[in-house]
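In what follows, a single structure is set out as structure tokens and then discussed.
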Amino acid sequence: MGPYLVGVDIGGTFTDCVVLDKRGNITATKAQSTPGNFAEGMLNAMRVAAERLSMPFEQFCEHISVLTHGTTVGTNALIQRKGAKVGLITTKGHEDAIHIMRGSRGVNSRDISKVVHFPESQKPDPIVPKRYIRGVSERIDCFGDVIVPLNEVEAEVAIKELIALGCEAIAICFLWSFRHAAHERRVAEMVKRIAPGVFVSCSIDIAPKWGEYERTTATVLNAYIGPVMSRYLANLDEQLKKHNYRQPLQITQCGGGSVSIDKAMESPLLTLDSGPVSGVTGSAYFSNLVGTPNVITTDMGGTSFDVGIVANGQPEYSFKSDVIQYEYFLPKVDIEAIGAGGGSLAVVDEFAKTLRVGPQSAGADPGPACYGKGNMTPTVTDADIVLGYIDPDNFLGGRIKLDKSKSIAAVKSVADKLGLTINEAAAGIAKIVEFKMADIIRKMTVEKGYDPRDFVLYAFGGAGPVHASVFGSELGVQKVVVPLREIASTWCAFGAASADILHVYEQVDIQGSPFMPSRVNSVLEELQARAEAQMEKDGIPKNRRKFSFSLDIRHRGQINEVEIMMPEGRLAGSKDQAVLTPGAWEKLRQRFYTRYEQLYGKGASFKGARLEIVTMRVRATSPTQRPKLSKARAMSGVIPKQAKLTTRDIYWADLKKTQKTPIFDGAKLVAGNKIKGPCVIETTQTNVVVHPGCTLKVDAYGNFEMTFK
Amino acid sequence: MPKVSEMKDVKFDGKLHGYVPPKKLNISSKLKLHTKFDKDIDPITYEVIRHSLWHVNEEHGATIQRISGSPVAMYALDLNPSILTADGEFVYFGPYMQYMSGVTDTQVKWILEYRSDNPGIRDGDMFLANDPWVGAAHQQDVMLICPVFWKGELFCWVTNCLHQYDIGGITPSSFCGSAENAFEEGICMPPVKIIENNEIRRDIEEVYLRSSRKPDAVALDFRAQLAGNMTARDRVLALIKRYGPTVVKGVMQKILTNSEKAFLDKLKRLPDGVWRDRTYVECCRPGDRRTHQVMLTLRKKGNRLIFENEGTADQDGAMNATYSGWRGAIMVALNQLLCWDQYFAIGGALRHVEFDPTPGTFTCATFPASVSTAPVQAMEISLYPAYNVLSKMLFIDERMRGDIMCIGGTSQWPATIFRGIDQWGERYGYLLVDPIGGAIGAFSTGDGISNGGQSRTPICRLPNVEHNEQSFPLLILYRKEVIDSGGAGRWRGGLSAETCFIPHRTTSITHDTLSSGNAIPTSTGMMGGYPATVNVYKFKRDTDIKKRIADRDMISDISEVKGTSVELQLRQENFLQHPTDVYAVIWTAAGGFGDPIEREAERVAKDVIENCAVSREAARSIYGVVISENEVFDAEATKALRAERRNARKRKDGPVKILSGKLVAQITDNLAVRKENGSIHTCCAKCSADLGPVRENYKDFAVRADNEITESNPHVGDWKRFIDDRPVFRQFYCPGCGSLLENEIARADSEVLRDIEITSL
């Protein structure tokens, strides 16, 4: 019985719901997503959970202590270009920054190997056309001094013109505003006075960072999805209340953790990408619980493969992201995505007789050839079926029937062109995608200064466990873990359910060493005060508030910044707070060099150079009620009879032959079971493919662990 | 003057003349090359290793950026990593600074020829090199070249190149705009063994750093380059251990042969012919008022492409490039237009490309010419015309037509080189990086990309205004896209931008200019497309900007401030800018494609009313589109105006023959070739008006107008400010229907250029 912790994650195809009770029992359910009105799918998934728990829906809602929700409404509005009509007010003379895009074409999210084919490299359709941008006379300089006070007459004209053009949201971003916020604040007040119903987004609230292009895009993107998001959340909140949910609704955010519904309405940009991020934060929580502090997280779905890193129990962060080719500032749990999933298409270059897999994808519609919706090009899923990894009659617990003959025909078309057998071609498709994944994971870990061999790899998402043992062993990770068996396929919802409340506040104040503690500490003081005020609003009692402090530091004259944690919270200074104490300076320096060299290699730091603080940051967290997970009391080496399902012909590329392979029911295996590959473990949500030479174990939490020879 | 191919007795060994690798390299027998490879590699293994090799190069580039951390590496991405075979053919080069591609293989081949005997090439060695006659774009581009050995045999090479802040010479930043020769420029080192047995040779490193004004930064960059090579070398070795040397080598060979096959297949679809382009560089040294002609000829003969520069002006002043610089520039366009689908594996194509320049010209200068400014002048002007000649060749094949691209910006770079004491009280000296925002040329299928970056650095970024203002004592009054800067055309060239600033928190800034393409447009259009804006420096002294600031009335254009306009020359040195002096610079944008009066009128109207890309005046004068003062598009008036224009262009002084023979090919947007009574004629692609036999220049049969150069783009001003030779904007119209066939920028005394000569159809 309750109180329950509930996490709901809305994806393109399915809406997942995970319920944790106080004894640590987990209920995971899925319902079809409802793109017209996502709230419907969400309530459906929750209804299924209530049924599973054998109680009326209203009663279930009443017993939820925290409902944390991950939504893609913002992302969808962006991708489908269905956001608000946004007007932008900025410093006069700099109206074009968002169009110039720093001279880049937003190539980050594109196939880099095609970057020189310019006809395919257009900039995005502008999210704010030039006629919705107004410049206003005002100017702040790099010291934060006002050089030109705000011209309010111009500002008023600008606001009125934009409203007259029908703008539903107004974004405000002035140069250097993060050093002096008054001009943006004043214009925001003016908008509220002139057009009270209009959504307002100020750069200092959403992204007070150095660099006007990425700050402007963050502000504009926030405004663009603001009205849509507010409508969605308000509607959802109302419906939940109607069904007796009485607690404040929490929304997952891309920084890892969750924010209140009010904060999400104010800063909807925080919700972008928060779904996959929950997968990483869930992994961080879980890895601390099971005692594996270093984790590479991999989430393989239909169209994309998302990788995250948890090091020493903490997710790795990035501070710049991109969406629809626009780069923007936001502290975010770092996720690298490549276009490789079950739906990735395998295409033969007939001229060179080579085979490529992805990044083009068949998506959910038409989907793989076996869906029978008209796609004839083989996908990774088709290869999995041909090989025997997936039983077409029992895909996702039999919910979707797949047509094996279509998979065979599709793979055959590729095999014929390459002069391979059908099995060889299918194994080739799987191998190419698996090795691509190994390449990207290696790149990401190495770039962050880590060695994959010091990590365990979590495989979740529908398609992940099918392929993870190959890329895991190729990377040389310690083991591959499919966390909590079938829960792995609803892992992001699990992550949402286990999310802490989190607020991140940042301030840029670039200063060279020797540092003045008073200058740094006063900023940290102020950031903490803002965080306290927000938590007060959230109704979080003082004793449940936790703060952590960090500084982004670099070598003066260079670009790379590294985040240095400050467990002390403040810099220790001399009596007058004008200089650091020698001890504090030494500690800071050492932390910087250690982290820098970890990231960039031994000898990369430049000991003679002055240091420079760029950004100061406070992370305020409040742990939600923690799910306690139950652990098996006894371990057993005996595989229960009912777990042995059948055998199936599976082609194993390493053995170069098809072999009758045992199939197990994942739900029936018990803690302590140990099975040698080759075999396949089926759950209702995914299949775990255990290759020859690989051993699978069920641990006390029910995780599937794979190790290699 | 003779071409390289005609100078049989001259040594092209990288001393007096730039190094030209011979067909067969002369390698010491002391060095054992690993040559065995598997021919029969299954497509799966191929794809897995191919992807890994690509990633080796990506990791290599990322490592350099991370460790260097310099703005050069991080924003301008003025670096590039490569993997080459044991004998110096490209397997992959990176997506960063494309100029560096063409100078990499020559460096490696030179090392094989001249270092394999003494001091020898061994496992654990690396060579440092920046000699432009061996192969570097200019001295600032320093390469670190690493042989990868497997069991005592040279398996392959991994290399990288990274632009350095300062490696000496008479000007801080080592762009020496007034140098008379290479002795006044930065240190110049033929490949030297700086890493021996996996250790840095301190003596060599100290020699290298000694000339620099910023030795610490150069030393750190050197470590970044070192780490990059080590990362790449380790990864290649890991692949060899995993799959075996003959398999990895087999994949490398297959990457090359696949790219070669694809290249040959494309050439097979094209007729033989000759394509030419002509441009001009202005001002090779302070005080110079001449124009220096640049010629580029592309010959296609069967499965070979030959590039020549015959007709280019002599080397002079400080504007030159060496053989490898010229070659590297052309390879950028070659890779982007013809090999883009081979993902930076250009080695196979190069087996069929010859570079045959004329030594002593300024795009193929002999030692000791000044070459430190090569990438912003001689190489830009070697690269951009290459887009034109290649595009015209490719246009003939319908499938490749979608790949072509007009000249982009900056086809000449207007440098703002400044120095002084910054707002933090420290000495600084560098250049404004903003022109890296560039512009991408129009395509045959769509408009170019405004501020889409420089095509030669396809993933670069320009600094934010806030980055510039933090680093330098500037208050940037505006940075904006410039209306009408993109060349007009059926498809419009991308716009460029303008940056305007005053000194801030400093008493003054000391400036040098260094530019060309300010009088004569260098981003010419194609097939009737118009040129983009020229480079423009604007400078006003003793303005009322302080009053504007006090009145809270900021400007959007320098024309709004009152002050004394000063005409800056193109290599003006040591002039001061005080806080009341306003400085602005516009950089060249991108050329247009096709006749502007064939652009859909609604698109022009949208460019005026919504995109702020075209002015009302230009819409009328160039596009023939009428938009009223209150910004309403007038379709009727437009139709009438366009008809009138077309009519005026037609031949009035004689009959026009219309051909009806079999269409053989369409060779440009406006020209076709037809078989007429047994002979082959060029004709208008739209009305089939006869333009003479193909063996003659179609332009001689067209209606010709020699217009003032100012008519080519609204931003082109009075040429007399900078040069003595009068330039003209020539237009060639179809005598039958009045279509604009082609434009030509030329010195008034130059003969008409024969841009297309089809020799087999």
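The values are calculated or read from the model by the stated rules, or taken from the named source; none is laboratory data. Computed from a prediction, not measured in an experiment: that's the story for all the values here. Methodologically, a virtual Cβ is constructed for each residue, glycine included, from the backbone with ideal geometry; neighbour enumeration extends over all protein chains shown.
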Practice prompt. Hey, could you check segment B:340-374 for residues that are out of contact with any strand residue (DSSP E or B) (no Cβ under 8 Å at 6 or more places or on another chain) and outside any loop (DSSP other than H, G, I, E, B) and say which is farthest from the other protein chains (Cβ to nearest Cβ)?
Written response: B:CYS364
Practice prompt. Filter segment A:401-427 down to the residues that are within 17 Å of A:THR658 (Cβ to Cβ) and polar (S, T, N, Q), then identify the one that is farthest from the other protein chains (Cβ to nearest Cβ).
Written response: A:SER407
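Per-residue answers, yes or no, for (1) in contact with a Ser or Thr (Cβ under 7 Å, 6 or more places away or on another chain); (2) of a type outside the set (Lys, Arg); (3) at the interface with chain B (Cβ under 10 Å from one of its Cβ atoms):
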{"position": "A:ASP439", "(1), (2), (3)": "yes, yes, yes"}
{"position": "A:ASP454", "(1), (2), (3)": "no, yes, no"}
{"position": "A:GLY495", "(1), (2), (3)": "yes, yes, no"}
{"position": "A:SER498", "(1), (2), (3)": "no, yes, no"}
Practice prompt. Take A:ILE159 and decide whether it is under 36 Å from the mean Cα position of the chain (by Cα), β-branched (Val, Ile, Thr) and farther than 24 Å from A:LEU272 by Cβ.
Written response: yes
Worksheet item: Any idea which residue in segment A:19-30 is surrounded by the fewest Cβ atoms within 10 Å (Cβ to Cβ), counting only those that are out of contact with any Pro (no Cβ under 9 Å at 6 or more places or on another chain) and within 15 Å of A:LEU629 (Cα to Cα)?
Response: A:ARG23
Fill in: strands (runs of 3 or more DSSP E) lying entirely in segment B:252-320 (those with 1 or more residues that are closer than 30 Å to B:VAL694 by Cβ and of a type in the set (Asp, Glu))
B:273-282, B:304-308
Item to complete: Would you mention how many residues in segment A:556-579 are closer than 30 Å to B:PHE472 by Cβ and in contact with a Phe, Trp or Tyr (Cβ under 6 Å, 6 or more places away or on another chain)?
Response: 2
Worksheet entry | Looking only at segment A:149-206, and only at residues there that are within 12 Å of another protein chain (Cβ to nearest Cβ) and of a type in the set (Gly, Ala, Ser), the one that is surrounded by the fewest Cβ atoms within 10 Å (Cβ to Cβ) | A:ALA155
Fill in: Restricting segment B:426-444 to residues that are part of a loop (DSSP other than H, G, I, E, B) and at pLDDT below 95, the residue that is farthest from the other protein chains (Cβ to nearest Cβ)
B:LEU432
Worksheet entry | Cβ-Cβ under 6 Å pairs, at least 6 apart or on other chains, segment B:399-421 side more than 14 Å from every other protein chain (Cβ to nearest Cβ), far side acidic (Asp, Glu) | B:SER411/B:GLU380; B:GLN412/B:GLU380; B:ILE417/B:ASP512
Response to the item:
Checking B:ASP557, B:ASP551 in turn, the sole residue that is within 14 Å of another protein chain (Cβ to nearest Cβ), acidic (Asp, Glu) and more than 34 Å from the chain's Cα centre (by Cα) turns out to be B:ASP551
Response to the item:
B:ASN335 fails exactly one of (1) modelled with pLDDT of 95 or more; (2) of a type outside the set (A, V, I, L, M); (3) surrounded by fewer than 24 Cβ atoms within 10 Å (Cβ to Cβ); (4) assigned to a helix (DSSP H, G or I), namely (1)
Response to the item:
Across segment A:264-273, the tally of residues that are farther than 18 Å from A:THR217 by Cβ and in contact with a strand residue (DSSP E or B) (Cβ under 7 Å, 6 or more places away or on another chain) stands at 1
Worksheet item: Since B:LYS32 meets every condition but one in (1) of a type in the set (D, E, K, R); (2) facing chain A (nearest Cβ under 10 Å); (3) over 30 Å from A:ALA653 (Cα atoms), which condition does it not meet?
Response: (2)
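This table checks each residue for (1) farther than 21 Å from B:GLY487 by Cα; (2) in contact (Cβ under 8 Å) with a residue 60 or more places away in the chain.
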| residue | (1), (2) |
| --- | --- |
| B:GLU610 | no, no |
| B:VAL632 | yes, no |
| B:ARG649 | no, yes |
| B:ASN670 | no, yes |
| B:ASN677 | yes, no |
| B:CYS687 | yes, no |
Discussion item. From the list B:GLY487, B:GLY494, B:GLY529, B:GLY525, exactly one residue is within 12 Å of chain A (Cβ to nearest Cβ) and more than 24 Å from B:ASN574 (Cα to Cα). Which is it?
Written reply: B:GLY494
Practice prompt. Determine whether A:LEU551 is of a type outside the set (Lys, Arg) and not in a strand (DSSP E or B).
Written response: no
Worksheet item: In this structure, is A:THR27 within 25 Å of the chain's Cα centre (by Cα), without any contact (Cβ under 8 Å) to a residue 24 or more places away in the chain and over 17 Å from A:PRO268 (Cα atoms)?
Response: no
Discussion item. So, restricting to strands (runs of 3 or more DSSP E) that lie completely within segment A:425-530, which ones have at least 2 residues that are assigned by TED's automatic domain parsing to the domain that holds A:GLU612?
Written reply: A:501-512
Worksheet item: Can you name the residue in segment B:543-566 that is among the charged types (D, E, K, R) and surrounded by fewer than 13 Cβ atoms within 10 Å (Cβ to Cβ) and is also nearest to A:GLU154 (Cα to Cα) among such residues?
Response: B:ASP551
Item to complete: Just give me the residues in segment A:173-193 being under 15 Å from A:GLN507 (Cβ atoms) and touching a Lys or Arg at 6+ places or on another chain (Cβ under 9 Å), in sequence order.
Response: A:TRP176, A:SER177, A:PHE178
Practice prompt. Could you tell me which residue of segment A:596-639 is surrounded by the fewest Cβ atoms within 10 Å (Cβ to Cβ), considering only residues that are under 33 Å from the mean Cα position of the chain (by Cα), within 14 Å of chain B (Cβ to nearest Cβ) and part of a loop (DSSP other than H, G, I, E, B)?
Written response: A:LYS602
Response to the item:
Matching residues in segment B:587-604 (surrounded by fewer than 24 Cβ atoms within 10 Å (Cβ to Cβ) and touching an Asp or Glu at 6+ places or on another chain (Cβ under 9 Å)) number 2
Worksheet entry | So B:GLU58, is it within 11 Å of another protein chain (Cβ to nearest Cβ), in a helix (DSSP H, G or I), free of Cβ contacts under 8 Å to residues at least 40 places away in the same chain and touching a Pro at 6+ places or on another chain (Cβ under 9 Å) | yes
Discussion item. Being farther than 26 Å from B:LEU495 by Cα and modelled with pLDDT under 95: is that true of B:ARG646 here?
Written reply: no
Item to complete: Return the only residue of B:PRO463, B:PRO458 being in contact with a Pro (Cβ under 9 Å, 6 or more places away or on another chain), in contact (Cβ under 8 Å) with a residue 60 or more places away in the chain and either closer than 23 Å to B:ILE597 by Cβ or more than 7 Å from chain A (Cβ to nearest Cβ) (or both).
Response: B:PRO463
Worksheet, complete the sentence: The number of residues in segment A:135-148 that are buried (at least 21 other Cβ atoms within 10 Å of the Cβ), over 13 Å from A:TRP210 (Cβ atoms) and more than 8 Å from chain B (Cβ to nearest Cβ) is 1
Worksheet entry | Sole exception among (1) surrounded by 22 or more Cβ atoms within 10 Å (Cβ to Cβ); (2) not in a helix (DSSP H, G or I) for B:ASP40, by number | (1)
